[in-house]
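See below for the structure under consideration.
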């Protein structure tokens, strides 16, 4: 461009045709302008065309050599030549070095400016080389072209520098970069040291392995012990991990993937170190693997911790107790399978919740919750029993224990809670408490009962002993007074017998030993008998006792007559006891159903009534509505309990409705059988009500009856022998079974009254031996045992009849008379 401009201006400017002053370089004799021309020519400048310039670019005929231009000395000329050549050499070497450096450091900033500097310096050097050649080869046109190129590249460099100057000014200084690099290296080294991270490098091409001091310590290498190759390094590892690590390195080199592995290093002291290794592949310019550079991290503590946690997690997951782990704020992080089994909440449902929000319900004790909150606030362990609720709303009891977990710096990190399901234990405890309360209540009732029994026993005993003393010592008593004394003694004894029978009845019922034999009987006759028996007491208190039917009157029902009679007597007697004015009415009705009939008896009184909160309690043994009732009216508290059980044995129930101060209505409901017999017979064979109507006037005579009385009690022997003697019988007595066996063989009695509990030989053995001797007459067992099974035991031993103590005169005479009568009828039939 510069050349074109020069040529253009030379051709267009006319002033260039003026004669110039000759240059100094040609002023001397050494510059011969006429040489080769023969004569001096005109000295005007000649203009080159563009094509003429380039066609003569290397033509040296138009200019003299520099040696011949001026007065050059040899030394000065060669000084210029050698200097120019030297400058060219330096200017040629400098770009080469710059370009080599750029190629080796492609990361340098602004690489284009380096290329421009290289071109500029190289052009300058080439200009000096041409200047040196002009001394012999005056190619001024080519020299000018080189200078024009040099000027152009110089200005381009200037312009580029101007444009890049703002960016260049932003670059930090080398000192700052050096300090920053130093600081970065220090930070990196501190971070590696803090994290216990070692650095390693493997030169793939030369198979050289290097590691820093931390990496060497991790692998148990002493200072100065070298590990120069990857193979030597791998030999340091656990033998089970070597193949895996070597294979991972090969995959990294072949496929260029990042390198990661975990391995174990056995140390000299027998311990094992767990290392985690990471590496990155570095390739060369040809893209081939050059180096593996990476870090190794000591994971021993973390691995051992994870192993311990895994074992604990396995234990916690397998335990049958619920386990909850929360963060320091009480938010659930983990629960085991037992928690899910207990509560119904899975792990995903529980995470992020607070146990109290998830599990507590309306009946959860707020007192226990307060204890838990205070303990957690103070980072203390706490143990409580708590009622929680499952996912399905089911309540359950747990024994909860919560422990805080602290790290090595004593900072709270977790809470661990264990829950043991104690629902069954709590239930059993509550049942035990209820049982204890019932037992205490029963003991209290029994204590009350014993106190009442003491009163009930001592009162008739006082009458018996007191009036017996009067009979023995009061000689002034009239025969009428003595008879009254004896009636009092008899009444007191009957009261004691009634008391004992009630206790025995209750014992039979509670032990399940009372049997029920259902036979046809007349309900009207039972009503009449009850009214007849209770009439004296009713009249004594000035009350009314009536009965009526509100349905058709059945002639017979199928039930147990004596037990129904006892049940009705108990209820009516109870009504008479607690009624001071008015009366008692028995309302009977027959209720027919598709499956059978029921007999209902309402006993309505106008007595003191029963408080509403005591209605259920009165049917419990040893209980009455109020202890003051016992003091006012007496009784043992057994009658209603026995009556309720009797009603249930008869296939029915006993209930009560009462208004305190107005009276009560007891309703007896029993099974009357599948049918009602319409027979008008007063009695039937085997009907127990027939025996109840027998009197002394129609008893068979005992005149001439030979009887053997066997009892170890003298009073009992005397009583029975006197009663039988007065009835006309001939009696013998024996004190034990052995004598009874001898008398039965020698005296030939018709009937034997045999006590079952005696010394020397009991009644059971004696009865068996007497039967073995061929005795066929009646043997009547006389025993104080009145429980279920005693009668059957006596019959199995050979007895044909049964009497329970205490004996009454009428019962004794009736039983003996009928036994003898039946025996004589059998003998007459044969």
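Readers should treat all values here as calculations from the given coordinates under stated rules, not as data from a laboratory. On a predicted model such as this, the values are computed, not experimentally measured, just so you know. Here Cβ is always computed from backbone atoms with ideal geometry, including for glycine, and neighbour counts include all displayed protein chains.
Would any residue of region 748-782 have its amide N under 18 Å from a label point 7 Å out along Cα→Cβ of residue 828? List them or say none.
So the set is 750-751, 777-778.
Shape of region 319-421 from its Cα gyration tensor (a ≥ b ≥ c, root eigenvalues): rounded if a/c is under 1.5, otherwise prolate when a/b > b/c, or oblate?
It is oblate, given that a/c is not under 1.5 and a/b is not larger than b/c.
Report the convex hull volume per residue for region 151-192, counting only C-alpha atoms, in Å³.
81
Please work out the FRET efficiency for the pair residue 98 and residue 286, using the Cβ-Cβ distance as r and a Förster radius of 25 Å; give the result to the nearest 0.05.
Computed FRET efficiency for residue 98 and residue 286 comes out at 0.55.
Please order 107, 421, 474, 711 by the number of other Cβ within 10 Å, starting at the fewest.
The fewest-first ordering by Cβ neighbours comes to 107, 474, 421, 711.
Calculate, axis by axis, the spread of Cα positions in region 191-303 along the three principal axes, and write the results as whole Å, longest axis first.
45, 28, 26
Considering the Cα positions of region 113-207, please state its Rg to one decimal place and its Dmax as a whole number of Å.
Cα only, region 113-207: 24.7, 74 Å (Rg, Dmax).
If you average the alpha carbon positions of region 114-183 and of region 521-588, how far apart do those two centres end up, in angstrom?
If you average the Cα positions of each part, the centres end up 145 Å apart.
Label point 7 Å out from residue 715 along Cα-to-Cβ: which residues of region 463-483 have amide N under 13 Å?
Correct set: 464-466, 468-469.
What is the fewest-to-most order of 389, 329 by other Cβ atoms lying within 10 Å of their Cβ?
Result, fewest neighbours first: 329, 389.
If each residue of separation counts as 0.36 nm, what is the full-extension length gain between residue 392 and residue 725 once their alpha-carbon separation is subtracted?
111.6 nm
Take 71, 492 and order them by how many other Cβ atoms sit within 10 Å, fewest up front.
71, 492
Compute the Cα gyration tensor for region 48-139, then decide on rounded, prolate or oblate, letting a ≥ b ≥ c be the square roots of its eigenvalues: rounded whenever a/c is under 1.5, prolate when a/b is larger than b/c in the other cases, and oblate in all that remain.
Oblate shape, in that a/c is at least 1.5 and b/c is the bigger or equal ratio.
Give the shape of region 700-829 as rounded, prolate or oblate, defined through the alpha-carbon gyration tensor: a ≥ b ≥ c are the square roots of its eigenvalues, a/c under 1.5 means rounded, and otherwise the shape is prolate if a/b is larger than b/c and oblate if not.
rounded
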